[in-house]
Amino acid sequence: MARIVRVARSTSLFGFGSRFYSTSAEVTSGVSHASPFLHGGGARKDAARDRNVQWVFLGCPGVGKGTYASRLSSLLGVPHIATGDLVREELASSGPLSQQLSEIVNQGKLVSDEIIVNLLSKRLEAGEAKGESGFILDGFPRTMRQAEILGDVTDIDLVVNLKLPEEVLVDKCLGRRTCNQCGKGFNIAHINLKGENGKPGISMDPLLPPPQCMSKLITRADDTEEVVKARLRIYNETSQPLEEYYRSKGKLMEFDLPGGIPESWPRLLEALRLDDYEEKQSAVA
Ligand code: AMP
């Protein structure tokens, strides 16, 4: 972690080199790629405890990166760092950047690589001071340039690419709500997409808030239909090339979400070979 903080601070955003460190990435065939981090019987439990997890979550807006990254972060005891949250914190702080950022974010556009790398390196620096190690990055990198900066300063073990049919993503974004008191996220959308042309259908029950949160729900300013569509377009143009970039490095694990959290979470743990890790954690809790 110290290295990413130091180098992110000193990395010139213009003309940085493309030095990549070798990794232990293990490539497997099929829909899912095995986690390079967790293979091999009982050793994996120790590995989860002892090894720095340096993971990235990719995926379209609304796919659920935040939900699953945050659950894995609690399970593995590593920080979940969402650059969208860093941007929203900066917006809420009414600091010098906030006016500029709100115009960009409210149009669904990407913040400049320079600003986002600065916000991220400040967050990593604060984490380092608190003794954090490892990370699950959510929403970063989003451009090839960001991926190169990241690759230049640290070694990513695994990139999880979450996928849902595009028809579902807009409804999921429009259904998102956050409780402005406890900070928990919910979703009021009922998703029921019928299968066609050999593609499976998908249904997701709403994730409704408890009564005490009901009157405190807020909607993100950029979760309007027009802005969500703009964000999806930008994802397809600017961020999707990252999938091929990480695939070619043998680091990409594709994961088609089979439904809502009850169906998807166990399957994700299985794909990451963390299923019995979770059981063990619950047993000692
Ligand atoms: P998110 O919560 O990940 O959807 O991010 C919300 C907004 O923050 C995005 O629409 C962008 O405007 C900005 N943002 C977050 N992460 C990045 C990034 N890595 N690069 C550029 N802009 C970002």
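Since every read-out is calculated from the coordinates, none of them should be taken as a lab result. None of the values given here were measured: they were computed from a predicted structure. Note that we place each Cβ from the backbone using ideal geometry, even for glycine, and neighbour counts take in every protein chain shown.
Protection proxy ranking for 58-65, 224-231, 153-160, 212-219, using the average of other Cβ atoms within 10 Å per residue and placing the highest first: 58-65, 153-160, 224-231, 212-219. One decimal place: the segment E263-Q107 gains 52.8 nm when fully extended, by the rule 0.36 nm per residue minus the C-alpha distance. Which aspartates and glutamates does K163 reach when only Cα atoms under 15 Å apart count, and residues fewer than 8 places away in its own chain are ignored? Cα-Cα hits under 15 Å: D138, D171, E243, E244, E254, D256, E263. Inter-label distance, A230 to L75: 3.6 nm, where each label sits 7 Å from its Cα along the C-beta direction. Within region 83-151, the trypsin sites (Lys or Arg not before Pro) that combine a DSSP coil assignment with at most 13 other C-beta atoms in a 10 angstrom radius are K130. Quick one: grab the alpha carbon gyration tensor of region 126-196, order the square roots of its eigenvalues as a ≥ b ≥ c, and give me rounded if a/c is under 1.5, else prolate or oblate depending on whether a/b is larger than b/c. Oblate, since a/c reaches 1.5 and b/c is not below a/b. Would you list, by chain and number, the aspartates and glutamates whose Cα falls below 12 Å from the Cα of K172, excluding same-chain residues fewer than 8 positions away? Straight-distance partners of K172: D205, D223, E225.
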